[in-house]
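> Pasting a structure below so you can have a look.
The values are calculated or read from the model by the stated rules, or taken from the named source; none is laboratory data. Predicted model only: the values in this text are computed from it and were never measured. Cβ sites come from the backbone with ideal geometry, for glycine too, and all protein chains shown count toward neighbours. For accessibility, only protein heavy atoms count, side chains too; no ligands or nucleic acids. Shrake-Rupley method; radii C 1.70, N 1.55, O 1.52, S 1.80 Å.
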Amino acid sequence: MLTEAGEVVYVGKSKRVRTRLLSYFRCSFPEEKGARILREADRIEWEYTPSEFAALLQELRLIKQLRPRFNVAMKRDGRNFCFLKLTRGPAPKFLVVRGPSQDDASVYYGPFQGAQRVGEAVRELNDALGLRDCAHDQAIHFADQPELFSIFPRTPGCIRFEVRKCLGPCVGGCTAGEYAERVKQARGFLDGANDGPIETLRGEMERASERLEFERAASLRDKLHRLESLKEQFLRLRFAVETLSFVYPVPGHDGSRRLYFIRRGRVRGEMELPRTAAEQARVAELIDEIFSPVERETSQIPTHEIDELLLLSSWFRRFPTELKRTRAPSPGLPSALRRLGRTAARSGRDPRSDDGNDVAADYSRAVHQPAPVAGLSGL
């Protein structure tokens with residue numbers, strides 16, 4: 001929907017365009033959003049896509065490209081997801097947030113469900129490593145900045161620093177390098193590269209038990225369980241994201257069949273189902289370009305890819321039978337797809353995978369495995 005000046009004020013999708021448009025004209029102004037959109041719009045334009053999956057991708061990409069003011073947020077699944085955000089600045093801190101900020105270059109981990117439980121686990125991670133959790137605009141004064149000591153009084157100003165739960169970057173309690181090393185340890189833990197925070201808590205718990213301080217040991221045990229739960233979420237997230245890597249043939253309403261090359265939950269390329277030897281060669285090239293490069297296994301999600309990851313995860317959760325269409329990328333796949341296209345064209349049926357697809361089975365187990373706290377598996 002566009003204004004007279006050509007500004008796109010709203011982007012949406014629908015299986016039935018006529019019904020969807022009529023719903024806007026039946027809205028009452030100013031209470032309902034649909035009526036407010038029509039108040040701003042001067043004309044309506046639409047285009048057809050061959051499948052609902054293609055329409056979802058197109059809608060998301062247009063919203064991210066044009067940022068219409070009536071599309072308040074990207075199209076995410078309606079559940080309560082949260083992310084871990086590592087802020088920028090001289091002393092980064094972890095925040096539990098609902099999604100990325102606009103024009104934000106911060107580091108994000110997720111998505112996860114259960115913001116309160118994730119927040120508790122992050123609090124234990126901060127305590128174990130001495131990371132700050134104070135206000136984002138808190139002034140930072142590292143110990144290796146002596147020229148600043150004459151500016152601020154070096155007096156106790158942080159209760160977490162006094163009880164040895166924080167390195168105290170705001171009161172000159174540590175150097176910039178010491179704090180950066182702790183942040184590096186935290187990121188290593190979140191990426192599954194080390195268990196330093198867990199081992200620290202386990203050691204404190206065992207020492208408290210040896211000293212017969214059972215109440216403290218029980219408290220440390222609970223903290224340890226929360227951190228282990230957070231680690232389990234990250235491991236399952238990474239597994240689910242890694243298994244969202246395959247070639248996805250999607251039949252269209254007009255007889256077209258389009259291939260989507262999906263790696264780690266994001267569409268990296270797309271083209272029509274191969275019909276000629278040249279197109280078959282192009283499929284092989286795309287498979288090599290997209291799936292051959294080694295990517296570091298991590299729970300970190302680039303900001304600009306979060307919404308597409310959520311969209312694809314939600315799609316395969318809503319339509320788990322679609323996983324039967326997916327094909328693991330392999331050297332013999334292009335010719336198999338070409339035969340599949342010819343067979344489907346002759347029989348008039350949708351192309352279906354009749355071989356055991358381990359990728360789809362692994363992902364299905366990941367997303368449906370019950371757990372009290374779920375990351376991407378909750379999708």
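> Give me the pairs, please: first residue somewhere in region 178-199 and within 10 Å of Leu129 (Cα to Cα), second residue anywhere and open to solvent by 50 Å² or more (accessible area, probe 1.4 Å), beta-carbon distance under 6 Å, and either six or more positions apart or on two chains.
These pairs meet every condition: Gly196/Gln185.
> Tally time: how many residues in region 1-47 are modelled with pLDDT under 90, under 31 Å from the mean Cα position of the chain (by Cα) and aromatic (Phe, Trp, Tyr)?
Matching residues across region 1-47 total 1.
> Here's a follow-up. Where the second residue is β-branched (Val, Ile, Thr) and assigned to a helix (DSSP H, G or I) and the first is farther than 11 Å from Glu270 by Cβ and lies in region 45-57, which pairs have Cβ atoms under 7 Å and are six or more apart or on separate chains?
That search, which allows pairs on different chains as well, returns Trp46/Val17.
> Evaluate the following for Tyr108: is it touching a Pro at 6+ places or on another chain (Cβ under 8 Å), at pLDDT below 85 and open to solvent by less than 20 Å² (accessible area, probe 1.4 Å)?
Against the criterion (touching a Pro at 6+ places or on another chain (Cβ under 8 Å), at pLDDT below 85 and open to solvent by less than 20 Å² (accessible area, probe 1.4 Å)), Tyr108 qualifies.
> Out of the residues in region 184-202 that are touching a strand residue (DSSP E or B) at 6+ places or on another chain (Cβ under 9 Å) and either aromatic (Phe, Trp, Tyr) or at pLDDT 85 or above (or both), state the one that is surrounded by the most Cβ atoms within 10 Å (Cβ to Cβ).
Ala186
> Scanning region 265-302 for residues that are open to solvent by less than 40 Å² (accessible area, probe 1.4 Å) and more than 24 Å from Ser51 (Cβ to Cβ), which turns out modelled with the highest pLDDT?
Across region 265-302, the extreme among qualifying residues is Ile301.
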